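Let me begin by presenting the structure, written as structure tokens, before commenting on it.
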Amino acid sequence: MPQFDADRDAMLARAHEAGIDTVVAIGSGTGPGSLDCAIQLANREQAGEPRIYATVGIHPHEARLATDADFEELSALARNSKVIAWGEIGLDYFYDHSPREVQRAVFVKQLDLARAAKLPVVIHCRPSADSQNAWDECLEILRQQWAASGLGGVLHCFTGLMEHAGRALDLGFMISFAGNVTFPKAQNIRDAARELPLDRILIETDSPFLAPVPHRGKRNEPAYVREVARQIGELRGLPAAEAGYQTAQNFSRFFRLPPQGERKVPIPSQSQGAAR
Ligand SMILES: [Zn+2]
């Protein structure tokens, strides 16, 4: 994302210093024309930075821009060894930046391409205000058109109800929590983070969006994922570093990557202003 153009090196160094060994960079970028952005990041391989993997995919926001040439480009990029998932793909009925029937068609098309590429999918799902519409549609599409692939995926930035998380678990998905798990009003997200099986949980930042408390309102960055680990730990009675370590192990296991090392950088148990 261009939000990091001025300090990308320093941002990645801060992430490594904060104890982050591995990152998956989401490759939706700003849409067609930047579909290889996460692969470029993954190709850095700099000492003192996290190991970076990539995804490719067209976000539902940009679904209306997708052409056949873009789909061909995505399938070619998906063969890159750094690419471990296809996404973010899905439905966003909150912003409706693309017509819903176009979002659905581009979602289903990319499920077909991801299946051909043998990659799990990273799902973005956001319903209209005060509605669960996109969850119901998205999970039904996944049940009908994806579950049989056996490839599973990640529900990223989970904001739904336990019922939705449970349906996703049944379809072989991991549930990923972002900075908004720390927001005071997000009790439904914390309920899910407390109750789901620990071995099915991932943590993320959704940088540059959704900076967790106590950084809320600022640009988010990977180092702040510590605050998500802290919140998950508090909810589950675990030290924050243990919550971070366990979710990192889940990541390696799900994506069949080498296991995480034993490097556990301490995370202080208290943060000012964390959600209660
Ligand atoms: Zn998203």
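The values are calculated or read from the model by the stated rules, or taken from the named source; none is laboratory data. Because the structure is a prediction, the values reported are computed rather than measured. Counting neighbours? That spans all protein chains shown, and the Cβs are built from the backbone with ideal geometry, glycine included. Heads up: the accessible areas ignore ligands, DNA and RNA and are worked out on the full protein's heavy atoms, side chains in. Shrake-Rupley method; radii C 1.70, N 1.55, O 1.52, S 1.80 Å.
Assorted remarks:
- With kT/(6 pi eta Rh) evaluated at 4 °C and eta = 1.567 mPa s, and Rh the Kirkwood radius from Cα pairs, the chain diffuses with a coefficient of 69 µm²/s according to Stokes-Einstein.
- Per residue, the Cα convex hull of region 42-199 amounts to 131 Å³.
- Largest-first ordering by accessible area, 1.4 Å probe, given options Cys37, Cys125: Cys37, Cys125
- GluC sites (Glu not before Pro) lying in DSSP loop within region 227-265, provided at most 10 other Cβ fall within 10 Å: Glu262
- Electrostatic tally near Cys125: other residues with Cβ closer than 9 Å to its Cβ, Lys and Arg +1, Asp and Glu -1, net -1.
- Largest accessible area first, the residues Thr22, Thr55, Thr30 order themselves as Thr30, Thr22, Thr55 under a 1.4 Å probe with ligands, DNA and RNA left out.
- With all protein chains in place and a 1.4 Å probe, the accessible surface of the chain carries 52 percent carbon and sulfur.
- Estimated from helices alone, the mean residue ellipticity of the chain at 222 nm is -11500 deg cm²/dmol (sum of -39500 (n - 2.57) over DSSP H runs with n ≥ 4, per residue).
- Net charge, Ala223 excluded, C-beta distance under 14 Å - Lys, Arg +1, Asp, Glu -1: -3
- Using a cutoff of 8 angstrom between alpha carbon atoms and counting only pairs six or more residues apart, the relative contact order for the chain works out to 13 percent.
- In this structure region 120-276 gives 43 Å² per residue of accessible area when probed at 1.4 Å with all protein chains present.
- Surrounding net charge for Asp92, when Lys and Arg each add one and Asp and Glu each subtract one, Cβ distance under 14 Å: -2
- Sorting 189-199, 164-174 by average packing, meaning the other beta carbons within 10 Å per residue, from highest down gives 164-174, 189-199.
- Count, lysine Cα pairs under 30 Å in the chain, 8 or more residues apart or across chains: 7
- Solvent exposure ordering (accessible area, 1.4 Å, most first) of Leu139, Leu161: Leu161, Leu139
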